[in-house]
1. Please work out which one of (1) out of contact with any strand residue (DSSP E or B) (no Cβ under 8 Å at 6 or more places or on another chain); (2) assigned to a loop (DSSP other than H, G, I, E, B) is the condition I9 fails and give its number.
2. Residues of region 1-22 being more than 27 Å from C158 (Cα to Cα), touching a residue at least 12 places away in the same chain (Cβ under 8 Å) and either of a type in the set (D, E, K, R) or buried (at least 16 other Cβ atoms within 10 Å of the Cβ) (or both), which ones?
3. Are there any pairs with C-beta distances below 6 angstrom linking a residue in region 336-363 that is under 26 Å from V144 (Cβ atoms) to a residue that is among the charged types (D, E, K, R) and surrounded by 21 or more Cβ atoms within 10 Å (Cβ to Cβ), with the two at least 6 apart or on different chains, and if so which?
4. From D315, D371, D363, which residue is surrounded by fewer than 21 Cβ atoms within 10 Å (Cβ to Cβ) and modelled with pLDDT of 95 or more?
5. Got a sec? Which strands (runs of 3 or more DSSP E) wholly within region 48-151 have at least 2 residues that are buried (at least 22 other Cβ atoms within 10 Å of the Cβ)?
6. Please verify whether L412 is modelled with pLDDT under 95 and crowded, with 17+ Cβ neighbours inside 10 Å, treating the condition exactly as stated.
7. Condition first: part of a strand (DSSP E or B) and free of Cβ contacts under 8 Å to residues at least 12 places away in the same chain. Can you find one or more residues in region 192-206 that meet it?
8. If A31 satisfies all but one of (1) in contact (Cβ under 8 Å) with a residue 40 or more places away in the chain; (2) farther than 19 Å from A129 by Cβ; (3) under 24 Å from the mean Cα position of the chain (by Cα), what's the number of the condition it fails?
Amino acid sequence: MKKILSIIITKIAIMVLKLKKKGSSFPGKIALKICPDILKHVSKNINTILITGTNGKTTTTALTNHIFNNSFINCFSNYTGANMLPGITTTYIKNYNLFNKKVSKTAIIEVDEASLKYICKFIEPKIIAVTNIFRDQLDRYGEVYTTLNHIKEGIKLCSNSKLILNGDEPLLCSLEKIYNSKYYFGFENYKSSSNQENLNVEATNCKFCGSPYEYNFITYNHLGNFKCSRCDFKREELDFSVADILENNINESIIKIKNNVITINQGGIYNIYNVLCAYAISSVCNIPDYIIIDSIKTFSNVFGRQENFKIKNNDITMFLVKNPAGFNETLNTINLNKQNEFYLGFLLNDNFADGQDISWIYDVNIEMINDFKLKEVFTGGTRTHDMGLRLNLGEVKNINIFEKYEEILDYLENKENETVYILCSYTCMLEFRRFLYSKKYIDSIW
């Protein structure tokens with residue numbers, strides 16, 4: 001009775017919140033209060049794929065879901081990004097059929113790194129994919145080895161799950177005392193003059209002997225083809241790899257995987273990793289290459305992740321940034337625009353979901369934007385003055401500091417035919433999108 005009551009009340013709460021265009025975690029909290037192990041019951045008969053990691057899990061989840069839909073696989077996902085236990089519980093209950101419990105479905109679920117161990121108490125997934133591990137939300141995760149341990153705790157509960165891991169990530173190679181089947185993805189080679197070893201990154205020393213890594217190449221931050229300078233630890237052999245990058249600009253990338261030429265409708269190395277992870281998941285699930293490739297070509301951006309829209313006649317692109325690694329690589333991606341001058345915005349909050357410790361902005365190589373074709377810079381969010389100070393210390397000129405989203409919108413509405421890139425922390429992205437939705441500049445909140 002608890003199970004049935006939990007499901008019915010939660011489904012009602014989901015419908016009410018949908019009408020009010022609210023988030024999707026609260027109904028799951030109700031369900032867990034009534035029946036703490038409800039997730040175990042509503043996830044039966046469902047093939048689950050869990051996708052976790054610091055950066056890229058939302059885009060990877062959405063792309064994988066898109067590929068599976070194009071393969072006529074009956075699947076669902078937590079597309080709103082509610083990736084902790086209550087939000088994931090909401091997703092399963094929303095898709096649970098009380099009258100036909102034997103309906104076979106696939107769930108492609110994004111999971112917060114620290115929440116994986118709680119989800120895996122109730123679900124043993126078919127696949128667990130891990131995108132990467134970066135320093136993120138210092139008040140929640142601490143340093144990268146804490147995040148790694150959270151993920152390992154979850155994996156150890158799921159001995160039969162296949163693991164799909166970023167082979168360019170030293171923290172994910174040779175996971176000790178984890179004996180699951182493993183598949184690794186990464187880059188066969190990569191050439192860039194901008195991504196060299198530097199001191200301001202994490203996981204640069206061997207996790208076994210403490211010696212520094214040597215790299216044949218670095219893609220970004222500490223990802224790349226590495227080996228320990230002292231012991232035998234090195235990158236694992238890759239099962240899925242990017243053979244070549246034929247094109248990489250602000251709007252698209254063209255890559256080769258095996259002998260397949262694949263067009264990605266987004267620029268940036270991090271998006272190539274997202275595609276590679278989704279490709280690996282789909283291949284392990286026996287989806288044919290031609291479906292995967294066609295699906296990648298038709299995939300559109302996830303809300304807030306390199307999302308494009310217009311304000312008046314100005315072209316706006318919104319990027320989610322939440323840690324130094326992602327922030328730096330986003331700036332590298334924006335710098336692929338060598339043709340046009342543009343405006344650059346930084347919206348920073350310090351809410352719980354953003355991380356209340358914002359000291360990480362001083363680990364961002366903000367000084368690189370002095371070489372961009374910039375017109376002006378603007379800031380917003382609850383920590384707008386902190387962001388302004390960081391820019392000022394980076395000797396950035398022409399800074400506009402705004403207290404309210406209304407001021408930012410007024411500023412942008414008075415531009416003509418301009419290109420604007422806006423980098424937002426997580427809750428700023430949600431708030432600003434909701435504000436723009438109310439002004440009819442975007443079509444949907446989610």
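The values are calculated or read from the model by the stated rules, or taken from the named source; none is laboratory data. Being a predicted model, the structure only gives us computed values, none of them experimental. Cβ: placed from backbone, ideal geometry, glycine included. Neighbour counts: every protein chain shown.
1. Unmet condition: (2).
2. Passing the criteria: I9, T10, K11, A13, I14, K21.
3. Qualifying pairs under 6 Å: L348/R383; D350/R383; I358/R383.
4. Details: D371 fails: modelled with pLDDT of 95 or more; D363 fails: modelled with pLDDT of 95 or more.
Sole residue among the options that is surrounded by fewer than 21 Cβ atoms within 10 Å (Cβ to Cβ) and modelled with pLDDT of 95 or more: D315.
5. Numbers: elements: 75-77, 105-110, 127-130.
Counting at least 2 such residues, we get 105-110, 127-130.
6. Values: modelled with pLDDT under 95: no; crowded, with 17+ Cβ neighbours inside 10 Å: yes.
It is false that L412 is modelled with pLDDT under 95 and crowded, with 17+ Cβ neighbours inside 10 Å.
7. Just the residues of region 192-206 that are part of a strand (DSSP E or B), to begin with: 205.
Checking which are free of Cβ contacts under 8 Å to residues at least 12 places away in the same chain leaves us with 205.
Within region 192-206, one or more residues are part of a strand (DSSP E or B) and free of Cβ contacts under 8 Å to residues at least 12 places away in the same chain.
8. That leaves (3) as the condition not met.
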